[in-house]
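Enquirer: I have a structure I would like to understand better, so I am pasting it below and will then ask my questions one at a time.
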Number of protein chains: 2
Amino acid sequence: MLGKLLQPEIESLVAARDFAGLRKTFSDWPPADIADTLNDLPSEDQIAIFRVLPKAQAADVFEYLSPDEQESLLRSMGRETATAILNEMSPDDRTALLEELPPEAVKKLVLLLSPDERNVAQKLLNYPEGSVGRLMTPDYVAIKPGWNVGEVLEYVRRHGRDSESLNVLYVTDAHGKLIDDIRIREFLLRPIETPVQEFMDQNYTSLCVSDPEEKAVEVFRKYDRTILPVTDADGHLVGVVTVDDVLDIAEAEATEDIQKLGGLEAALDMPYLESPIQQLIRKRGTVLVVLFLGEMLTATAMGFFEEEISKAVVLTLFLPLIISSGGNSGSQASTLIIRAMALGEVTLGDWWRVARREVMSGLSLGVLLGAVGFLRIGVWALGFGSYGPHWALVGLTVGVALIGVVAWGSLMGAMLPFILRRVGMDPATSSAPFVATLVDVTGLIIYFLVAATILRGTLL
Amino acid sequence: MLGKLLQPEIESLVAARDFAGLRKTFSDWPPADIADTLNDLPSEDQIAIFRVLPKAQAADVFEYLSPDEQESLLRSMGRETATAILNEMSPDDRTALLEELPPEAVKKLVLLLSPDERNVAQKLLNYPEGSVGRLMTPDYVAIKPGWNVGEVLEYVRRHGRDSESLNVLYVTDAHGKLIDDIRIREFLLRPIETPVQEFMDQNYTSLCVSDPEEKAVEVFRKYDRTILPVTDADGHLVGVVTVDDVLDIAEAEATEDIQKLGGLEAALDMPYLESPIQQLIRKRGTVLVVLFLGEMLTATAMGFFEEEISKAVVLTLFLPLIISSGGNSGSQASTLIIRAMALGEVTLGDWWRVARREVMSGLSLGVLLGAVGFLRIGVWALGFGSYGPHWALVGLTVGVALIGVVAWGSLMGAMLPFILRRVGMDPATSSAPFVATLVDVTGLIIYFLVAATILRGTLL
């Protein structure tokens, strides 16, 4: 917001190539706002600005850009600026950048790092993608249980500068194993001669380097933490993860779920307007073709009822109405269950309770829609003389079919996520479009079977 | 997880009514885990445990329960325990509880509070629902620019105990106006005689009490903060908001979006299995009936083509296939745009760029599906002799209709969120089911018009 306000001032400084002035203007801006402003400038100007900013600030601003922007900037900025920024970046943000790049680019960039930073970067990249190891930063303050508050504060003053956060300190034993985490407030509120051991409670929550990222999101949510320690398999403290990275992951997960629910392969990892249109078409096309092949079964199914249709064309008038009602109730049910599973409210063992609830709900909703459908047909028949002499039977057919289709749709929609999860797939794959396709085929079979029963001897 | 492991031990302590033992076992558990364990116990036991826990710990645990559970516990626990817990709770969590209760209950509970806490609670409840004021807590540490580091640390030691967090301290002027925020690390890393003024940068980010909650989520995401100061309209510091409350709101927002996308009224605020089934049915029924009424237009539209249908029953075989393809491409497009709008990647002004992209994508996807459809009809016709002598023309009709329907579906799906936002509605309302219904009606009109053109003189 600050960025937008000062834009004209920035523009005139850029136009005048007054980079000293820019450096001064930016000196008290938050890095996120500087990054916002840079986004609106051409890349030559961005590079010129990165060159004049103090190293540490340049790295802070750089961390707020998307990996794509970071990559293209690194390619065009001079070796010196790139080296400075890469060495100053937080190890966790640097990992996020490096893992987006092709292996040769990573090799080249890692060579720009100082021996210490190179060591850190390579260690982090060795953890599997999507693991907590890739999110963490090894900059934390570890203290010993034998110290007192004054010694701790003195140690922090001397060694805390590089630490990602000083909000929580970690107590480790002689072998570097994590034995406690203590919030900085505990030290600030106590007399300086208090021994650390006196207020340790051995009660801490930690993540393991090999845990999946989703685990981190879950633990942060559950324990309301802003930073969590990470240990290796043997319990040695190796790093910390901060909540800002976790917010980003939670957002990316929600986007993935939402896109899957909308019938998209969950791999659209760029903003919509920036994704190349060919890629967009390919990703959407795959799903559409799969759905289309599934939906072809409706043509096959309807083939079996061709005779009924030609005898009672009136039946086809209500076909879209009936199958779409099944699809809609199915997508409601699957959305509810998928989200409840994602939030941990519903687990595999609940399938039977869910099935009973959905059959109950589905039947009630079916009766409701069936009544509305029958009414609609009745009104048109009596008012406009539509649907012929057997309109009441047609209405009954539509009403009964709706009860069956809506109940069946709800049950299918609710059970599909359980089946997918049971076989190890992501429940979110059973999105509205997939459920609708499945229910379309079965729905029209239900409809024509109901029709064949009710209308036998009259229309059929 | 701890809770599940120790469950038998807890159970035997509860069974033996050994509450002193329970108190001891729980003494070094994180409150979130105690809350988890309580959830599995009958409410008499929960109440007994709350009575024996130390006041502060009882309040911490209580804060991790859902407002529903909190409400039912408060009703059944004694006046004394309730008073202790309510007075010890964080003001922000207490507001979240009180705003769920009916006004009479709130009045009764507020009377249990000490005069100081009552004052705080009433002030917070005076802010409008959904505003930052309702999220904040007034417990923070404010310091003066004239102090030095040593004075600040001494002040924190004496006055910081009740503060929600000591990770950030706030500098206010003589009138209580916020002039800076400084992370605790800045004090910890500097010699104690350093004047605060020396490292103030007047560069801070704050929220206003009247800002909507969504604004808080946005600012926390953008600036990667864990805590933010809140000011009144005149810039006076009045409280702080922490990131844990914001994570909860972000999660609730995602759930709301996802449920809307699945065609549910976004008001299912309880976990699926805990929602009363009547409520579930009512909420789903409303949307289903609205969709059903919209979908009835398909019956009307098909009525106009009854003559064509009776002449060429073969056309109806592909009807579900064609309208569902339109619905699927439409729901893909609307999902992409709704999510991009929620993330701020697409704004109202982008509608023309989006429209062009979607027409392009839609036509390409339509050609793809059209080709597959024509092929399917060709294979069946040549292989099984289906679809009569004019199968090639039928195939052509289906193919051309698919191009039109898919392109139209994509365009509609993408534009609907823009239209809704333009008229001030939530774009997420244009969910897959709504888009599908809209596209069903228009899709079948396109199909029959194409058929009338291509098949005139042969089948029609």
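The values are calculated or read from the model by the stated rules, or taken from the named source; none is laboratory data. From a predicted model like this one, the values you see are computed outputs, not experimental measurements. A quick note on method: Cβ atoms are made from the backbone with ideal geometry, for glycine too, and the neighbour counts reach across all protein chains shown.
Enquirer: Got a sec? Which helices (runs of 4 or more DSSP H) wholly within the range A:236-311 have at least 2 residues that are more than 9 Å from chain B (Cβ to nearest Cβ), more than 22 Å from the chain's Cα centre (by Cα) and under 20 Å from A:Met425 (Cα atoms)? Steps first, answer last, please.
Expert: Numbers: elements: A:243-261, A:277-304, A:306-311.
The qualifying helices (runs of 4 or more DSSP H) are A:277-304.
Enquirer: Something else now. All but one of (1) more than 7 Å from chain B (Cβ to nearest Cβ); (2) aliphatic (A, V, I, L, M); (3) crowded, with 21+ Cβ neighbours inside 10 Å hold for A:Val379, so report the exception by its number.
Expert: (3)
Enquirer: Shifting gears a bit: Report the residue count in the range B:416-460 for those that are outside the structural domain of B:Gly362 (by TED's automatic domain parsing) and more than 15 Å from B:Val394 (Cα to Cα).
Expert: 0
Enquirer: Output the residue which, of all residues in the range B:197-235 that are at pLDDT 90 or above and of a type in the set (Asp, Glu), is farthest from the chain's Cα centre (by Cα).
Expert: Ranking the qualifying residues of the range B:197-235, first place goes to B:Glu198.
Enquirer: Here is a follow-up. On the basis of being surrounded by fewer than 18 Cβ atoms within 10 Å (Cβ to Cβ) and not acidic (Asp, Glu), does B:Ile258 make the cut?
Expert: Details: surrounded by fewer than 18 Cβ atoms within 10 Å (Cβ to Cβ): no; not acidic (Asp, Glu): yes.
In short, no.
Enquirer: Take the residues in the range A:124-154 that are crowded, with 17+ Cβ neighbours inside 10 Å and charged (D, E, K, R), then tell me which one is farthest from B:Pro191 (Cα to Cα).
Expert: Looking at the filtered set, the residue picked out is A:Arg134.
Enquirer: Of (1) without any contact (Cβ under 8 Å) to a residue 12 or more places away in the chain; (2) within 22 Å of B:Phe434 (Cβ to Cβ); (3) of a type in the set (D, E, K, R), A:Arg456 satisfies all except one. Which?
Expert: (2)
Enquirer: Separate question: Sort out which residues of the range B:298-330 are farther than 18 Å from A:Ala436 by Cβ, of a type outside the set (D, E, K, R) and out of contact with any Phe, Trp or Tyr (no Cβ under 7 Å at 6 or more places or on another chain), and write them in order of number. Before the answer, list the steps.
Expert: Looking only at the range B:298-330, we keep the residues that are farther than 18 Å from A:Ala436 by Cβ, and these are B:299-317.
Imposing the further condition that a residue be of a type outside the set (D, E, K, R) reduces the set to B:299-305, B:309-310, B:312-317.
Correct list: B:Thr300, B:Ala301, B:Met302, B:Gly303, B:Phe304, B:Ile309, B:Ser310, B:Ala312, B:Val313, B:Leu315, B:Thr316, B:Leu317.
Enquirer: Answer yes or no: is there a residue in the range B:382-399 that is over 20 Å from A:Ile281 (Cβ atoms), away from every other protein chain (no Cβ under 12 Å), within 44 Å of the chain's Cα centre (by Cα) and not charged (D, E, K, R).
Expert: Looking through the range B:382-399, at least one residue is over 20 Å from A:Ile281 (Cβ atoms), away from every other protein chain (no Cβ under 12 Å), within 44 Å of the chain's Cα centre (by Cα) and not charged (D, E, K, R).
Enquirer: Right, something else. Is it true that B:Ser310 is closer than 29 Å to B:Gly378 by Cβ, at pLDDT below 85 and of a type in the set (Ser, Thr, Tyr)?
Expert: Working: closer than 29 Å to B:Gly378 by Cβ: yes; at pLDDT below 85: yes; of a type in the set (Ser, Thr, Tyr): yes.
So B:Ser310 passes the test.
Per-residue answers, yes or no, for (1) crowded, with 20+ Cβ neighbours inside 10 Å; (2) closer than 26 Å to A:Phe305 by Cβ; (3) in contact with a helix residue (DSSP H, G or I) (Cβ under 9 Å, 6 or more places away or on another chain):
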| position | (1), (2), (3) |
| --- | --- |
| B:Ser275 | no, no, yes |
| B:Glu295 | yes, yes, yes |
| B:Ala299 | yes, yes, yes |
| B:Phe304 | no, yes, yes |
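Enquirer: If you go through the range B:389-401 one residue at a time, do you hit one that is outside any helix (DSSP H, G or I) and in contact (Cβ under 8 Å) with a residue 12 or more places away in the chain? Lay out the reasoning, then the answer.
Expert: Just the residues of the range B:389-401 that are outside any helix (DSSP H, G or I), to begin with: B:389-390.
If we keep only those that are in contact (Cβ under 8 Å) with a residue 12 or more places away in the chain as well, we get B:390.
Scanning the range B:389-401 turns up at least one residue that is outside any helix (DSSP H, G or I) and in contact (Cβ under 8 Å) with a residue 12 or more places away in the chain.
Enquirer: Same structure again: Using the structure shown, decide if B:Ala355 is within 21 Å of A:Ser431 (Cβ to Cβ), in the same structural domain as B:Ala301 (by TED's automatic domain parsing) and in a helix (DSSP H, G or I).
Expert: Details: within 21 Å of A:Ser431 (Cβ to Cβ): no; in the same structural domain as B:Ala301 (by TED's automatic domain parsing): yes; in a helix (DSSP H, G or I): yes.
For B:Ala355, the condition - within 21 Å of A:Ser431 (Cβ to Cβ), in the same structural domain as B:Ala301 (by TED's automatic domain parsing) and in a helix (DSSP H, G or I) - is not met.
Enquirer: Still on this structure, I have one more. What are the residues in the range A:338-352 that are facing another protein chain (nearest Cβ under 7 Å), in a helix (DSSP H, G or I) and touching a Pro at 6+ places or on another chain (Cβ under 8 Å), if any?
Expert: A:Ala340
Enquirer: May I ask you to verify whether B:Ser325 is within 15 Å of B:Val405 (Cα to Cα), surrounded by fewer than 24 Cβ atoms within 10 Å (Cβ to Cβ) and within 7 Å of chain A (Cβ to nearest Cβ)?
Expert: Details: within 15 Å of B:Val405 (Cα to Cα): yes; surrounded by fewer than 24 Cβ atoms within 10 Å (Cβ to Cβ): no; within 7 Å of chain A (Cβ to nearest Cβ): yes.
So B:Ser325 fails the test.
Enquirer: Kindly list the number of the only condition in (1) over 38 Å from the mean Cα position of the chain (by Cα); (2) crowded, with 24+ Cβ neighbours inside 10 Å that fails for A:Ala432.
Expert: Evaluating A:Ala432 over (1) over 38 Å from the mean Cα position of the chain (by Cα); (2) crowded, with 24+ Cβ neighbours inside 10 Å leaves (1) as the failure.
Enquirer: Let me confirm something: among A:Gly133, A:Gly160, which residue is in contact (Cβ under 8 Å) with a residue 12 or more places away in the chain and outside the structural domain of A:Val217 (by TED's automatic domain parsing)?
Expert: Among A:Gly133, A:Gly160, only A:Gly133 is in contact (Cβ under 8 Å) with a residue 12 or more places away in the chain and outside the structural domain of A:Val217 (by TED's automatic domain parsing).
Enquirer: Which one of the conditions (1) among the hydrophobic types (A, V, I, L, M, F, W, C); (2) in the same structural domain as B:Val217 (by TED's automatic domain parsing); (3) under 23 Å from B:Pro91 (Cα atoms) does B:Leu112 fail to meet, given that it meets all the rest?
Expert: Here B:Leu112 clears every test but (2).
Enquirer: Any idea which of (1) out of contact with any Pro (no Cβ under 9 Å at 6 or more places or on another chain); (2) more than 8 Å from chain A (Cβ to nearest Cβ); (3) under 21 Å from A:Gln259 (Cα atoms) is the one B:Arg357 doesn't satisfy?
Expert: The one condition B:Arg357 does not meet is (2).
Enquirer: Next question. Is it the case that some residue within the range B:229-244 is out of contact with any helix residue (DSSP H, G or I) (no Cβ under 6 Å at 6 or more places or on another chain) and more than 21 Å from B:Val171 (Cα to Cα)?
Expert: Taking every residue of the range B:229-244 in turn, at least one turns out to be out of contact with any helix residue (DSSP H, G or I) (no Cβ under 6 Å at 6 or more places or on another chain) and more than 21 Å from B:Val171 (Cα to Cα).
Enquirer: Can you work out which of the residues in the range A:163-180 that are in a loop (DSSP other than H, G, I, E, B) and among the aliphatic types (A, V, I, L, M) is nearest to the other protein chains (Cβ to nearest Cβ)?
Expert: Result: A:Leu166.
Enquirer: Would you mind finding the one in A:Val168, A:Val110, A:Val196 that is under 18 Å from A:Pro67 (Cβ atoms) and of a type in the set (A, V, I, L, M)? Please lay out each step first, then the result.
Expert: Numbers: A:Val168 fails: under 18 Å from A:Pro67 (Cβ atoms); A:Val196 fails: under 18 Å from A:Pro67 (Cβ atoms).
Going through A:Val168, A:Val110, A:Val196 in turn, the sole match is A:Val110.
Enquirer: I've got another one for you. Would you mind stating whether B:Gly383 is in a helix (DSSP H, G or I), without any contact (Cβ under 8 Å) to a residue 24 or more places away in the chain and closer than 26 Å to A:Phe318 by Cα?
Expert: Values: in a helix (DSSP H, G or I): yes; without any contact (Cβ under 8 Å) to a residue 24 or more places away in the chain: yes; closer than 26 Å to A:Phe318 by Cα: no.
For B:Gly383, the condition - in a helix (DSSP H, G or I), without any contact (Cβ under 8 Å) to a residue 24 or more places away in the chain and closer than 26 Å to A:Phe318 by Cα - is not met.
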